[in-house]
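Trainee: The structure that follows is given in the form of structure tokens.
What follows draws every value from the coordinates through simple rules; no lab data is involved. Remember, it's a predicted structure, so these values are computed and weren't measured experimentally. Cβ coordinates were reconstructed from backbone atoms using ideal geometry, including for glycine residues, and neighbour counts include every protein chain displayed.
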Amino acid sequence: MHDNKNFISLFEDYLTVERRVSSHTVISYRTDVRQFMHYLSNQAVPKKFTEATTLDIRGWIMFLAKEGLNHRSINRKIATIRTFYAFLQKRALIVISPTQPLRSLKWKKSLPIFFQKREWLSFLDQHTFGTTFAGLRDQLILELLYGTGMRLAELLALCASDINLTDGTLKVVGKRNKERIIPFPRPLKQLIETYVLKKEQMGYSLTENLVVTDQGKPCYPMFIYRVVKKYLLPTIRASQHSPHILRHTFATHLLDNGSDLQAIKELLGHSSLAATQIYTHTSLTKLKEVFKKAHPRAEEDVDAYTF
């Protein structure tokens, strides 16, 4: 008889062996399914996955919405749960999937939130992280996310062996197992070297993952969220302080400094240029703001102009 943790383990094996998805996709799916498991176990009458109903899943969706998760993120989690129950059905562990009646939530596509260059650089210049293991690790997390534009899951899967300090590049495996090489800023080299040395001194070098917890275990999504929020919330004004905002900031700053859109696409690991083009809208918004402040005819309707 399987319990919920056994189901998750079987699901991970299925994703890795049969679906052959990337390691960061496995991490993402596992996180979503575990969150649903915790929701089920914390109900008045705890349930196994095989006992969950459509009503239970809808209750979880409402819970996520109340927690402040946007519709796009919730839809991704719904897609994960659909895949999970399709797996259980395929293994004859359930007869009918409780996800069948579910529909994705409608969401309005919005422009990405990012930090202004001056406030981000000011934060890096003014903040002292210290030389402790935790301080070095936290600084490395922030600077890797901003300095390379990598995704959260890519950071979690990053190993020391993926980094080439001589060339100043690192290798990540993105969505659909797509591998890419990303150059990183020169100041990051010294930070990585210092952190890796401290990690060895702490006795954590046996863990392949580059960033680890204070106990030497691989980091997990919520840990990274907490680190980012801890440092950025008190110092940088924004409506959100998630790891993904640093990816948006990376791309926006590159575009503002004249980088080619195709090059940014490759650095971000986007499958199509359409996904990258949203940053052109962000830069256009900034351009219009500059125009309004500086142009002699700024009182006119700037939105009527085509740049």
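Trainee: Helix 71-90 against the longest principal axis of the chain: what's the angle in degrees, Cα atoms only, rounded to the nearest 10?
Mentor: On a 0 to 90 degree scale, this one is about 30.
Trainee: Please find, in a Gaussian network model of the chain (springs between Cα atoms separated by less than 10 Å), the residue of 43, 139, 190 whose mean-square fluctuation is greatest.
Mentor: Of 43, 139, 190, the Gaussian network model singles out 43 as fluctuating most.
Trainee: Still on this structure: Please report, in debye to the nearest 20, how large the charge dipole of the stretch 117-289 is about its Cα centre when each Lys and Arg carries +1 at its beta carbon and each Asp and Glu carries -1 there. Intermediate values should be presented prior to the final figure.
Mentor: On the way: 22 positive and 16 negative charges, 90 e Å.
For the stretch 117-289, the charge dipole is close to 440 debye.
Trainee: Same structure, new question: Fewest to most neighbouring Cβ within 10 Å: what's the order for 37, 150?
Mentor: Working: 37 20, 150 28.
With the sparsest Cβ surroundings first, the list reads 37, 150.
Trainee: Normalised by the number of residues in the chain, what is the relative contact order in percent for Cα pairs under 8 Å and 6+ residues apart? Spell out each step's value before the answer.
Mentor: Details: 305 pairs, mean separation 54.4, N = 307.
This gives 18 percent for the chain.
Trainee: Over the stretch 4-90, one equal point on each Cα, no solvent: what is log10 I(q)/I(0) by the Debye formula at q = 0.15, 0.16, 0.22 Å⁻¹?
Mentor: For the stretch 4-90, the Cα-only Debye profile gives -0.54, -0.61, -1.13.
Trainee: Kirkwood Rh, the stretch 141-188, all Cα pairs: how many Å? Intermediate results must be reported in sequence, preceding the final value.
Mentor: On the way: mean 1/r = 0.0922 Å⁻¹.
Across the stretch 141-188, the inverse of the average 1/r is 10.8 Å.
Trainee: Output ³J(HN,Hα) for the stretch 7-13: one whole-Hz value per residue in order, computed from phi by the Karplus curve 6.51 cos²θ - 1.76 cosθ + 1.60 with θ = phi - 60°, and x for Gly and Pro.
Mentor: So the Karplus estimates, Gly and Pro as x, are 4, 5, 4, 5, 5, 4, 4 Hz.
Trainee: Just want the answer: with Cβ charges of +1 for Lys and Arg and -1 for Asp and Glu, which residue in 194, 280, 31 is farthest toward the dipole's positive end in the chain?
Mentor: Selected residue: 31.
Trainee: Against the longest principal axis of the chain, how steep is helix 186-201, in degrees 0 to 90 to the nearest 10, with axes from Cα atoms?
Mentor: 40 degrees
Trainee: So, one more: In the P(r) worked out for the stretch 117-289, what percent of Cα pairs fall beyond 26 Å?
Mentor: On the way: 4181 of 14878 pairs.
When all Cα pairs of the stretch 117-289 are counted, 28 percent exceed 26 Å.
Trainee: Just tell me which aspartates and glutamates come within less than 16 Å, Cα to Cα, of residue 198; anything on the same chain fewer than 8 places away is out.
Mentor: Once the sequence-local aspartates and glutamates are set aside, what remains near residue 198 is 138, 208, 214.
Trainee: One quarter of the convex hull surface, Cα atoms only: what value does that give for the chain in nm²?
Mentor: Numbers: hull surface 78.3 nm².
Directional mean of the projected Cα hull area for the chain stands at 19.6 nm².
Trainee: Also, I was wondering about something else. Any chance you could run the full-extension gain for residue 48 through residue 256? It's 0.36 nm times the residue separation minus the Cα-Cα distance, nm to one decimal. Could the numbers behind the result be given before it?
Mentor: Details: separation 208, 0.36 × 208 = 74.88 nm, distance 5.01 nm.
So the extension gain works out to 69.9 nm.
Trainee: Measure up 90/175; 90/178; 77/106 against 18 Å on the Cα-Cα distance and list the ones that go over.
Mentor: Numbers: 90/175 24 Å; 90/178 27 Å; 77/106 14 Å.
Pairs exceeding 18 Å: 90/175; 90/178.
Trainee: Taking the Cα centre of the chain as origin, work out the dipole magnitude from +1 charges on Lys and Arg Cβ and -1 charges on Asp and Glu Cβ, in debye rounded to 20. Before the final figure, lay out each step's value.
Mentor: Working: 44 positive and 28 negative charges, 173 e Å.
In debye, rounded to 20, the chain gives about 840.
Trainee: Among 24, 241, 127, which one shows the biggest mean-square fluctuation in a GNM of the chain, springs joining Cα atoms closer than 10 Å?
Mentor: Greatest mean-square fluctuation among the candidates belongs to 127.
Trainee: I would also like to ask the following. Put a dot 7 Å past each Cα toward the Cβ at residue 20 and residue 66; how far apart are the dots in nm?
Mentor: 4.4 nm
Trainee: While we're here: So if we plug the beta-carbon distance of residue 197 and residue 226 into 1/(1 + (r/R0)^6) with R0 = 30 Å, what FRET efficiency do we get, rounded to 0.05? List each step's numbers first, then the result.
Mentor: Details: r = 25 Å, r/R0 = 0.83.
Plugging the Cβ-Cβ distance into 1/(1 + (r/R0)^6) gives 0.75.
Trainee: Can I ask one more? Which residue, 226, 186, 118, tops the fluctuation ranking in a GNM of the chain built on C-alpha contacts under 10 Å?
Mentor: Most flexible of the set in this elastic network: 118.
Trainee: Shifting gears a bit: Taking GluC sites (Glu not before Pro) as exposed when DSSP calls them loop (any state but H, G, I, E, B) and at most 15 other Cβ atoms lie within 10 Å, what is the longest stretch of the chain free of them, the sites themselves excluded? Provide the component values of the computation, followed by the final result.
Mentor: Details: sites that count: 67, 208, 299, 300.
Longest stretch, sites excluded: 68-207.
Trainee: By how many nm would the segment from residue 10 to residue 119 lengthen if fully extended, with 0.36 nm per residue of separation less the alpha-carbon distance? The partial results should precede the final answer.
Mentor: Working: separation 109, 0.36 × 109 = 39.24 nm, distance 4.57 nm.
Gain on extension, residue 10 to residue 119, equals 34.7 nm.
Trainee: Give me the distance in nm between label points sitting 7 Å out from Cα along the Cα-to-Cβ direction at residue 127 and residue 165, one decimal.
Mentor: It works out to 2.4 nm between the two label points.
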